[in-house]
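Notes follow once the structure below has been shown.
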Amino acid sequence: MLLTLLFTTFVTVFLAEMGDKTQLTTISLSSTTNNPLAVFIGSSVALISATLLGALAGGSIANLIPAYLLKLLSGIVFLIIGIKLLGQSREYYDSDA
């Protein structure tokens with residue numbers, strides 16, 4: 001039973017992450033550095049930490065914080081990350097010119 005749950009969870013998360021923003025961000029970061037191992041380790045630790053938080057917190061966070069506020073906060077975080085990545089890419093391309 002435990003192996004079935006582990007396998008089902010692995011396959012579900014693996015397929016959900018394929019082509020996800022996480023994978024695309026990892027590809028982007030890896031392509032702009034000379035150290036893909038550091039990007040792999042950083043991405044792995046981040047994904048493990050986020051998954052651990054989700055598994056431990058479960059639905060309890062949703063009981064404490066309204067869904068609209070969670071969506072708003074996650075949207076703001078994605079905007080900040082996107083703006084930062086755009087700024088870094090602009091600096092990268094400006095330095096090539």
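The values are calculated or read from the model by the stated rules, or taken from the named source; none is laboratory data. Nothing here was measured: the structure is a model prediction, and the numbers come from that model. Using ideal geometry, Cβ is built from the backbone for each residue, glycine included, and neighbour counts are taken over all protein chains shown.
Whether any residue in segment 73-81 is part of a helix (DSSP H, G or I), modelled with pLDDT of 85 or more, aromatic (F, W, Y) and surrounded by 10 or more Cβ atoms within 10 Å (Cβ to Cβ) is what I want to check.
Within segment 73-81 (the criterion being part of a helix (DSSP H, G or I), modelled with pLDDT of 85 or more, aromatic (F, W, Y) and surrounded by 10 or more Cβ atoms within 10 Å (Cβ to Cβ)), the answer is yes, since at least one residue qualifies.
Exactly one condition in (1) in the same structural domain as F14 (by TED's automatic domain parsing); (2) within 17 Å of the chain's Cα centre (by Cα); (3) of a type in the set (A, V, I, L, M) is false for L56; which is it?
So L56 meets the others, but not (2).
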